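The values are calculated or read from the model by the stated rules, or taken from the named source; none is laboratory data. Here the structure is a predicted model, which means the values were calculated and not measured. Note that each Cβ is placed from the backbone with ideal geometry, even for glycine, and that neighbours are counted across all protein chains shown. Ligands, DNA and RNA are excluded from the accessible area calculation, which covers all protein heavy atoms including side chains. Shrake-Rupley method; radii C 1.70, N 1.55, O 1.52, S 1.80 Å.
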Amino acid sequence: MNEKRNRKSKKTNQMKEIWRRFRKSKTAMLGLCLLIFVLCIAIFADVITPYENAISQSANRLDGPSAAHIFGTDELGRDLFARIVHGSRYSLLIGVSTSVLALVIGGLLGAIAAYYGGWVDSIIMRLTDVVMTVPPILLSLAVVAALGGSLRNLLIAITISCVPSMLRLVRSVVLGVVDEDYIEAARSYGASDMRIILKYVIPNALGPIIVTTTMNVANMILSAAGLSFLSLGVQPPAPEWGALLSDAKTYMFTAPHLLYIPGIFIVIAALSFNLAGDGLRDALDPKLKD
Amino acid sequence: MYKYVIKRILLTIPVLLGAVFLVFTIMYLTPGDPGTLILGITAKPEDIAALNHKLGADLPFFEQFFNYLKGIVLHFDFGTSYRSGKPVFDSILSRFPTTFQLALWSMLLSSVLGIALGIISAVKQYSVLDNALTTLAMLLSAMPGFWLGLMLMVLFALKLGWLPFGGVDTWQGYILPVITLSLGAAASEMRLTRSTMLETIRQDYIRTARSKGVPEKTVIWKHALRNALLPVVTSMGMNFGGSLGGAVIIETVFGMPGVGMLIVESIRQKDTPVVMAATMFLAVLFCFVMLGVDILYAYIDPRIKAKYKS
């Protein structure tokens with residue numbers, strides 16, 4: 001009983017320590033604030049402005065920012081502010097879901113490769129090499145070309161392009177942990193495989209994996225925006241941020257606000273995940289900090 | 001050394017075959033048969049079936065793949081466009097120089113910028129300059145390349161009028177696309193150089209060099225840099241791959257008729273053979289670049305050299 005409580009307090013202490021180190025970094029805290037900001041926009045989109053405003057057309061076309069439309073209006077007279085607020089849901093949903101999906105698929109395969117080794121490892125790694133010969137954007141494009149442009153296919157396309165690097169990371173992290181002395185020590189006093197995996201391998205491998213997944217969200221948001229920009233991703237009239245830019249390109253010389261504002265929001269979203277991930281890495285492993 | 005090079009070349013062959021197979025499989029998933037795509041849905045079913053038979057599209061999957069592979073290996077035949085009826089390979093080749101120049105120049109520019117700024121940043125760690133450069137790199141890596149391109153276009157082509165809007169008629173047209181492509185890559189290259197450089201500076205042999213009185217400049221340039229740049233060389237290869245991929249979107253932004261624009265146009269026109277062949281072409285090219293980088297790496301890294309010394 002006593003031991004259990006001790007272990008629990010040790011864990012909370014560790015979390016406190018990580019949080020203390022995370023808090024010390026100004027950039028990490030900036031990232032966290034931006035992240036909360038973007039999350040709030042996505043969660044409270046309907047409270048901020050009804051979806052109706054994002055799709056209702058008016059006669060005020062291509063207007064610059066004004067009191068009535070603080071971000072101006074687009075070529076169909078739709079309110080850009082409302083479109084950006086509701087578009088945040090797409091960007092976040094796409095970024096987070098594809099990164100997590102890539103983590104699950106890549107993590108599982110990578111862990112299998114590292115754990116079993118031998119021919120299983122060889123086959124998985126050779127296949128990964130093959131997938132990695134196609135640059136990620138091209139791979140996504142090929143998938144979208146075959147399946148057609150839609151939200152679902154976009155998710156499939158960018159998840160696939162992210163799996164190989166995740167797989168490699170998980171494999172190398174697990175391999176690194178398995179070789180550590182403390183695993184050897186645990187084995188020598190007779191700990192079971194299950195106990196070693198649960199108590200030593202997973203906690204020690206988790207850090208870099210969480211960090212990379214956080215940073216992947218940023219990359220996935222950028223890839224999704226790119227594909228939607230080519231009108232091969234989320235289809236109009238959905239206000240995904242990349243799709244907004246795709247429309248803006250036609251009017252960028254007469255209504256540049258359509259180009260500036262969605263781009264700034266994409267940067268804020270991607271930056272928040274990058275900064276938070278960076279801070280998390282330094283907080284989890286102070287040794288790595290330069 | 002030859003042993004290593006030959007081994008590396010032999011290892012590339014199955015990867016290449018795998019890449020071709022992967023792209024072929026993905027494109028095979030395209031709904032609809034070529035007959036319908038070429039003749040349209042209003043055509044007579046007999047005609048469509050006859051055309052499918054002629055193209056070999058009614059054969060089993062593996063037979064189709066081997067026929068395709070046979071065409072590539074024996075006749076350099078990558079298929080025929082559904083739309084123009086011309087061999088796909090010709091249109092890829094005619095558009096290739098644009099893409100290659102874009103990728104090559106942006107790889108060179110980003111490497112020079114990234115490595116130089118990374119070294120400065122590491123040597124002057126925590127200075128104002130270092131902070132400014134790291135912040136800039138952070139911002140650039142969070143920026144979609146196509147958006148950066150459009151912003152540069154508004155600034156330099158529209159507002160200032162210094163440069164053309166893109167296009168391939170003059171060499172000035174390449175400036176904005178190359179800068180756009182290289183800035184993002186330079187940011188990641190800079191961060192990599194900075195961190196490997198910082199790591200190297202802390203090694204024992206650097207401390208030894210310093211303590212025996214080697215001037216700081218020699219320590220940085222001769223002892224640290226040569227070791228720190230090894231991982232950076234590999235990233236240059238990846239960088240080229242990234243530029244090839246990035247070129248797909250950037251070419252569309254700047255209206256440059258390269259292989260990337262060909263892919264995007266062909267996706268819109270559902271011209272599967274062109275998409276397939278162009279994607280394969282870029283993947284194969286990337287594969288060769290990585291092969292080159294690996295061989296170069298072996299020449300630079302004394303550890304690999306020693307392993308294969310005979």
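Estimate the FRET efficiency between B:Leu74 and A:Leu127 by the formula 1/(1 + (r/R0)^6), using the beta-carbon distance for r and 41 Å for R0, to the nearest 0.05. Please report the intermediate quantities before stating the final value.
Values: r = 27 Å, r/R0 = 0.66.
Rounded to the nearest 0.05, the efficiency is 0.90.
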Original post:
Expressed as a whole percentage, what fraction of the accessible surface of chain A belongs to carbon and sulfur atoms when a 1.4 Å probe is rolled over the protein heavy atoms?
Top reply: 65 percent
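Summing -39500 (n - 2.57) over the DSSP H runs of n ≥ 4 in chain A and dividing by its residue number, what mean residue ellipticity at 222 nm do you reach, to the nearest 500 deg cm²/dmol? Mind dumping the intermediate values first?
Details: 13 runs with 222 residues, N = 290.
Computed ellipticity for chain A at 222 nm equals -25500 deg cm²/dmol.
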Original post:
What residues qualify as long-range amide H neighbours of B:Thr80, i.e. H under 5 Å apart, gap of 5 or more or another chain, H built at 1.01 Å from N?
Top reply: B:Val88
Subject >> Degrees between helix B:88-123 axis and first principal axis of chain B (Cα, 0 to 90, nearest 10) >> reply: 20 degrees
Original post:
Residues of A:243-255, mean number of Cβ from any other protein chain within 10 Å of their own Cβ, rounded to a whole number?
Top reply: 2
Original post:
For segment B:164-310, what is the charge dipole size about the Cα centre, in debye to the nearest 20, if Lys and Arg each add +1 at the Cβ and Asp and Glu each add -1 at the Cβ?
Top reply: 1020 debye
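State to the nearest 20 debye the size of the charge dipole of segment A:7-150 about its Cα centre, where the only charges are +1 on K and R beta carbons and -1 on D and E beta carbons.
Here segment A:7-150 has a charge dipole of around 1260 debye.
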**OP:** May I ask which residue of B:Leu183, B:Tyr68, B:Thr193 lies farthest towards the positive end of the charge dipole of chain B, with charges of +1 (Lys, Arg) and -1 (Asp, Glu) on Cβ and the Cα centre as origin?
**Re:** B:Thr193
**OP:** On the full set of protein chains, 1.4 Å probe, figure out the accessible area of B:Lys270 and give it in Å² to the nearest 10.
**Re:** 120 Å²
**OP:** Pairs to check: A:Lys26/B:Lys124; B:Lys124/B:Lys222; B:Lys54/B:Lys86; B:Lys7/B:Lys217. Give those whose C-alpha atoms are more than 27 Å from each other in this structure.
**Re:** B:Lys7/B:Lys217
Original post:
So what are the ³J(HN,Hα) numbers for segment B:9-17, from phi and the Karplus equation (6.51, -1.76, 1.60; θ = phi - 60°), rounded to whole Hz, Gly and Pro as x?
Top reply: 5, 5, 5, 6, 4, x, 5, 4, 4
Subject >> Nearest-ten-degree value, helix A:202-229 long axis tilted from longest Cα axis of chain A >> reply: 20 degrees
**OP:** Run the numbers on segment B:128-155: which residues show a drop of 10 Å² or more in accessible area, chain on its own versus all protein chains together, using a 1.4 Å probe over heavy atoms?
**Re:** B:Met138, B:Leu139, B:Ser141, B:Ala142, B:Met143, B:Pro144, B:Phe146, B:Trp147, B:Leu150, B:Met151, B:Met153, B:Val154
Original post:
Which of these, A:Ala218, A:Ala68, A:Ala248, has the largest mean-square fluctuation under a Gaussian network model of chain A (Cα springs below 10 Å)?
Top reply: A:Ala68
**OP:** Quote the accessible area belonging to A:Met15 in square angstrom, nearest 10, computed with a 1.4 Å probe and with ligands, DNA and RNA left uncounted.
**Re:** 130 Å²
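For an R0 of 22 angstrom, estimate the FRET efficiency from the Cβ-Cβ distance between B:Ala49 and B:Tyr28 and round to the nearest 0.05.
Details: r = 19 Å, r/R0 = 0.85.
That gives a FRET efficiency of 0.70.
Could you tell me the calculated FRET efficiency between A:Ile55 and B:Leu155, based on Cβ-Cβ distance and R0 = 22 angstrom, to the nearest 0.05?
On the way: r = 32 Å, r/R0 = 1.46.
So the FRET efficiency works out to roughly 0.10.
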**OP:** Grab the Cα-Cα distance for A:Ile264 and A:Lys26, subtract it from 0.36 nm times how many residues apart they are, and report the gain in nm with one decimal.
**Re:** 83.6 nm
Subject >> Shielding by partners, peptide A:231-240 (average Cβ within 10 angstrom, other chains) >> reply: 1
Subject >> Helix A:151-178 vs. chain A, principal-axis angle (Cα, 0 to 90°, nearest 10) >> reply: 20 degrees
Subject >> Overall form of the protein assembly as shown per C-alpha gyration tensor (a/c, 1.5; a/b vs b/c) >> reply: rounded
Subject >> In the A-B interface, the accessible area buried, summed over both sides, Å² (probe 1.4 Å) >> reply: 3800 Å²
Original post:
Which listed residue (A:Leu154, A:Gly72, A:Leu275) has the Cα farthest towards the positive end of the charge dipole for chain A, taking +1 on Lys and Arg C-beta and -1 on Asp and Glu C-beta about the Cα centre?
Top reply: A:Leu275
Subject >> Dipole magnitude of the protein assembly as shown, debye to nearest 20 (Cβ charges: Lys/Arg +1, Asp/Glu -1, about Cα centre) >> reply: 2500 debye
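When ligands, DNA and RNA are left out and all protein chains stay put, how many square angstrom of accessible area per residue does chain B have with a 1.4 Å probe?
Result: 50 Å² per residue.
Helix-only estimate, please: 222 nm mean residue ellipticity of chain B, summing -39500 (n - 2.57) across DSSP H runs of length 4 or more and dividing by its residues, to the nearest 500. Please report the intermediate quantities before stating the final value.
Numbers: 13 runs with 227 residues, N = 310.
Using -39500 (n - 2.57) per qualifying helix, the result is -24500 deg cm²/dmol.
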